[in-house]
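Working notes for the structure below.
The values are calculated or read from the model by the stated rules, or taken from the named source; none is laboratory data. Because the structure is a prediction, the values reported are computed rather than measured. As a convention, Cβ positions derive from the backbone with ideal geometry for all residues, glycine included, and neighbour counts pool all protein chains shown. Areas reflect the complete protein model, heavy atoms only, side chains present, ligands, DNA and RNA absent. Shrake-Rupley method; radii C 1.70, N 1.55, O 1.52, S 1.80 Å.
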Amino acid sequence: MVIMELPESVEMTTTTTTSGIENLNSDLNHSVRRRRGSNGFEAASAINSSDANMSEDRRDVCGSGAGLETVNERSKSVGESSDVIRKEDDRNDNVANGEESKSTETTTTPFKFAYRASAPAHRRIKESPLSSDAIFKQSHAGLFNLCVVVLIAVNSRLIIENLMKYGLLIRAGFWFSSKSLRDWPLLMCCLSLQILPLAAFLVEKLAQQRHLTERAVVTLHITITTAAILYPVLVILGCDSAFLFGVILMLVACIVWMKLVSYAHTNHDMRQLAKSTDKDETSDGDFSYDVSFKSLAYFMVAPTLCYQLSYPHTPCIRKGWVARQFIKLVIFTGLMGFIIEQYINPIVQNSQHPLKGNLLYAIERVLKLSVPNLYVWLCMFYCFFHLWLNILAELLCFGDREFYKDWWNAKTIDEYWRMWNMPVHKWMVRHIYFPCLRNGIPKGVAILIAFLVSAVFHELCIAVPCRLFKWWAFMGIMFQVPLVILTNFLQNKFQSSMVGNMMFWCFFCILGQPMCVLLYYHDVMNRKSSAR
């Protein structure tokens with residue numbers, strides 16, 4: 001239904017005599033009477049006669065029949081437009097629901113309309129908000145808030161029940177213990193790893209000055225990057241260190257290795273471009289690259305794994321924002337530690353080896369472990385990828401903050417791996433995937449090589465601190481390859497379906513990670529018992 005409004009040519013003030021005002025009011029009332037039958041609305045007021053100073057031209061237009069015919073023609077054309085009808089229908093609905101705000105008194109008084117009983121209440125086809133055709137077009141913020149409230153309520157009850165039944169299980173030396181001082185070799189190893197970027201810089205500086213051949217440069221970089229991995233592995237295996245400190249050192253070592261590979265590969269590519277530019281006599285471009293220690297130092301601490309000479313920068317550091325993010329980091333890190341100590345450790349310690357016991361019992365243990373393990377994994381993601389990397393980026397004025405995408409909406413395993421860890425994904429694409437394609441390797445084989453590299457580093461980060469090489473993490477990552485094929489097939493078969501997303505959550509978070517936790521824990525316990 002159309003809500004009639006006073007056209008702009010009529011919304012004005014009057015300065016004429018009483019006869020002019022009466023003519024204006026009679027013409028406008030006649031226009032409203034002509035429209036009342038079609039839309040079910042009635043004008044409640046006319047133009048105030050106390051308005052002043054209307055010009056002669058506008059008085060002539062308002063008083064003439066031609067002016068009113070123009071107004072009527074505009075009203076008819078608006079009534080015939082479907083888009084305008086939809087907008088005005090929505091406004092009518094707001095009027096019916098009491099959502100239309102009252103107009104304020106100004107120098108011009110607009111028409112006031114009342115919702116008539118004869119006005120149509122149903123004008124077009126509409127879907128229910130939760131129907132399959134309209135569910136993804138609606139906002140579900142309220143339902144999301146409901147889920148958050150329910151989760152908080154349910155988990156609060158479970159936490160209170162657990163504390164009443166078992167008490168506080170966090171040990172006194174959870175955050176710091178005097179025994180942790182025995183891990184000082186790992187700290188020294190972590191600090192001494194920074195010598196390797198300096199060695200890579202010297203190699204690149206000599207290569208830029210053409211004091212080294214390209215083969216010598218490649219050989220030296222292979223030696224440096226290999227030392228970045230082997231040195232921490234030997235230190236961890238040679239010391240009786242805690243598992244947490246070993247994992248941290250291996251993560252730092254893997255990050256240093258990937259950064260050094262990117263630094264060497266990028267500089268090699270820039271040298272090749274510079275040489276090709278020098279040989280091309282017809283080229284008007286002048287390409288040169290700079291080996292700067294400042295660029296390398298910034299790259300080694302920046303939240304990225306891909307080296308380049310310059311990065312997008314933010315104008316300033318928001319100190320208050322950094323403080324708030326740091327407080328969140330402390331809170332969620334403490335929550336993660338509480339869940340591990342209060343829930344995961346008792347479940348794991350009271351379970352049997354999942355491959356050596358009853359199958360139903362193993363499934364029950366895995367499902368019981370899946371919920372707290374999922375919470376820890378989500379807290380880890382939020383603490384590292386969102387809080388820590390954003391804090392580091394803010395302190396360094398690093399502009400590109402896309403450390404992850406909406407991986408929780410991934411419909412395939414392949415899509416998840418492309419969105420969950422953007423620094424590693426960009427490194428894989430830049431230094432493994434596309435180099436393989438440029439060398440004639442098929443696309444499928446290139447993807448398999450990328451998964452193979454990822455599987456090796458996942459195994460190193462877990463097996464070395466555990467001092468146990470069972471290849472569970474390696475097989476877990478390589479098992480993603482058939483899952484990629486399966487979820488891609490399901491996505492192509494069921495278009496616009498969330499089947500792949502449900503499989504991702506099921507296989508990756510509900511079954512895969514808890515199974516790996518149980519396998520590694522019991523293998524470590526068996527190794528310690530056999531060593532005694």
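Mind ordering 506-512, 327-333, 383-389, 117-123 by average Cβ neighbours within 10 Å, highest first?
Details: 506-512: 16.3, 327-333: 14.4, 383-389: 18.1, 117-123: 10.6.
Those peptides, ordered most packed to least, come out 383-389, 506-512, 327-333, 117-123.
With a probe of 1.4 Å, find how much accessible area segment 315-530 has per residue, and write the answer as a whole number in Å².
Details: 10950 Å² over 216 residues.
Each residue of segment 315-530 exposes 51 Å² on average to a 1.4 Å probe.
Counting only protein heavy atoms and a 1.4 Å probe, tell me what percentage of segment 315-530's accessible area is made up of carbon and sulfur. Provide the component values of the computation, followed by the final result.
Numbers: 7690 of 10950 Å².
Roughly 70 percent of what the probe reaches on segment 315-530 is carbon or sulfur.
Provide Rg over Rh for segment 315-530; use the alpha carbon set for both Rg and the Kirkwood Rh (inverse mean inverse pair distance).
Expressed as Rg/Rh, it is 0.99.
Find how many whole Å separate the alpha carbon centroid of segment 219-274 from the alpha carbon centroid of segment 370-421.
23
Please give the Cα centre distance for segment 291-322 versus segment 474-511, rounded to the nearest Å.
With segment 291-322 and segment 474-511 each reduced to a Cα centre, they are spaced 36 Å.
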